[in-house]
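S.K.: Quick one: structure below, then a few questions.
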Amino acid sequence: MVIATVRPGFVTSSAGISFGPRRGGPGAALTGLLLLAVALGVAGCQGREGQHAAGAVTTNQAGPSAVPADQTQAAEAQAVSFTMGTYAQIRATAATRTQAEKAVQAALAELDRLAAQVDRFRDDTQVAEINRHAGDGTWIRVSPDLVSMLLTARRVHEASHGAFDPTIAPLVDLWGFVETEETAPTEASTPESPLEGMGPTHLRGHRPPSQDAIAKLLSLVSFSDVEIDEAGRKVRLRRPGQALDLGGIAKGYAVAKAAEVLRRHGVTSALLDLGGNIYALGKKNSGEPWRAGVQDPRDPSSVIAIVPVADEALATSGDYERYFEYDGTRYSHLLDPHTGWPAGQVLSVTVITPDGGLGDALSTAAFVLGPVKGLELLESLPGVEGIFVLPDFSVKVTSGLKGKVELAGRGRWAP
């Protein structure tokens with residue numbers, strides 16, 4: 001077994017396909033969702049241990065000769081693409097190479113379809129239109145997917161007593177936690193250039209805004225002002241200046257929807273990574289669960305805990321994905337909607353649940369709430385488990401993970 005934490009890079013396809021970066025609009029999703037190292041490649045692949053991207057997945061990277069040319073044998077396809085302001089990587093196994101390739105292409109198309117609805121920085125998306133009409137009374141017709149995301153967001157908002165709130169967008173912008181031309185990936189990135197800039201982003205030249213500026217915008221943060229007409233599939237914001245940012249839920253939702261597409265195309269085993277939101281479809285070809293390693297928040301080359309996963313999504317919120325330092329203090333992009341300031345009681349929270357969108361939102365909420373209230377939140381929800389990494393690198397887990405999580409590196413159990 002090899003456990004490794006990796007930095008973003010490209011994965012070429014052992015099934016003969018490879019997707020280079022497709023430049024989208026500026027990335028809206030600033031979710032702090034660096035995860036994972038996943039080890040133990042698909043049985044039968046004889047390649048060396050390789051690396052997936054974005055916080056991410058490590059499996060055996062077999063060369064083209066590792067997949068039999070015989071179309072009747074089970075085959076694997078791997079691909080990478082740029083969408084939702086980050087890199088998507090998919091590895092899927094199906095009955096034949098052609099089937100696997102088509103499944104991966106369809107899953108990437110599903111990610112693009114969802115990106116075209118939720119990116120608030122693109123003028124042509126539904127979220128951007130909702131934000132443009134904030135406070136003017138206009139109902140915006142939206143997709144069933146957007147309604148589903150907003151209803152899940154409302155559920156997490158209520159369960160967390162406001163620790164998760166997608167109307168925090170004005171404060172995210174005030175703090176400068178938005179992707180710029182300096183921090184965004186570029187077309188210059190190629191499969192031969194492993195995208196060094198796609199790891200944790202240490203923003204330079206930033207400083208905290210004034211308390212007066214924060215207080216002024218804090219009044220706009222109110223998910224109760226998001227009106228949802230579920231039957232009519234319409235949404236609007238009540239007050240001018242308000243804005244939605246679905247970065248804390250969209251990637252998790254999208255990676256789970258892409259997994260559904262893979263299933264419909266006959267895929268029985270797959271790993272999907274969308275900017276650190278992971279979905280482990282099925283099990284390895286050996287029948288064993290995938291093993292996921294939670295990244296050490298201060299050492300991207302190491303993991304701090306290892307957990308088995310199968311047919312589950314994993315989402316991590318950490319203070320290391322996008323941050324700046326000022327006068328010796330680290331300020332991360334994970335803002336507390338109640339104060340307008342970065343939360344900081346934990347270094348990271350990983351949530352494991354079959355519902356990718358729910359897990360994405362819950363990881364943010366639990367991070368904001370901290371190790372006591374955050375743990376209580378996750379314990380109160382069926383089918384949800386979590387791993388908390390505390391400032392002293394000790395680890396706490398929900399009751400359902402006790403006896404299943406292995407510590408690694410400098411990880412130790414919290415008292």
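S.K.: Would segment 102-164 count as rounded, prolate or oblate if I go by the C-alpha gyration tensor, calling it rounded below 1.5 in a/c and otherwise prolate when a/b exceeds b/c, oblate otherwise?
M.R.: Here segment 102-164 falls in the oblate category.
S.K.: Could you give each residue of segment 208-218 its phi-based ³J(HN,Hα) in whole Hz, using Karplus coefficients 6.51, -1.76, 1.60 with θ = phi - 60°, and x for Gly or Pro?
M.R.: Once θ is set to phi - 60°, the couplings for segment 208-218 become x, x, 6, 5, 4, 5, 5, 4, 5, 7, 4 Hz.
S.K.: Go through segment 116-133 residue by residue and turn each phi into a ³J(HN,Hα) via Karplus (6.51, -1.76, 1.60, θ = phi - 60°); whole Hz please, and just put x for glycine and proline.
M.R.: Once θ is set to phi - 60°, the couplings for segment 116-133 become 5, 9, 10, 6, 6, 8, 9, 5, 9, 9, 5, 5, 4, 5, 4, 5, 4, 9 Hz.
S.K.: So, one more: Return the lysines within reach of Lys283: Cα separation strictly under 17 angstrom, same-chain partners fewer than 8 residues apart disregarded; answer none if there are no such residues.
M.R.: Answer for Lys283, where 17 Å is the Cα cut-off: Lys404, listed by chain and number.
S.K.: Which shape class, rounded, prolate or oblate, goes with segment 296-415 when its Cα gyration tensor gives a ≥ b ≥ c as root eigenvalues, a/c under 1.5 marks rounded, and past that a/b bigger than b/c marks prolate?
M.R.: In terms of gyration-tensor shape, oblate.
S.K.: If you don't mind, another one. Would you please name the trypsin sites (Lys or Arg not before Pro) within segment 198-240 that are DSSP coil residues with at most 16 other C-beta atoms within 10 Å of their C-beta?
M.R.: Sparse-neighbourhood loop trypsin sites (Lys or Arg not before Pro): Arg204, Arg233, Arg238.
S.K.: Using a 10 Å cut-off on Cβ atoms, rank the peptides 107-115, 218-226 from the highest mean neighbour count down.
M.R.: Final packing ranking: 107-115, 218-226.
S.K.: Please list, in order along segment 333-340, the HN-Hα scalar couplings obtained from phi with the Karplus expression 6.51 cos²θ - 1.76 cosθ + 1.60 (θ = phi - 60°), rounded to whole Hz, x for Gly and Pro.
M.R.: Those phi angles translate into 6, 8, 8, 7, x, 7, 10, x Hz.
S.K.: Taking amide H atoms as placed 1.01 Å from N in the peptide plane, list the residues 5 or more away in sequence, or in a different chain, whose amide H sits under 5 Å from that of Trp290.
M.R.: When sequence neighbours closer than 5 places are left aside, the close amide H contacts are Lys284, Val309.
Bear in mind that the values in this text are calculations on the coordinates, not laboratory data. All of these numbers come straight from a predicted model, not from anything done at the bench. All Cβ positions, glycine included, derive from the backbone under ideal geometry; neighbour counts span all protein chains shown.
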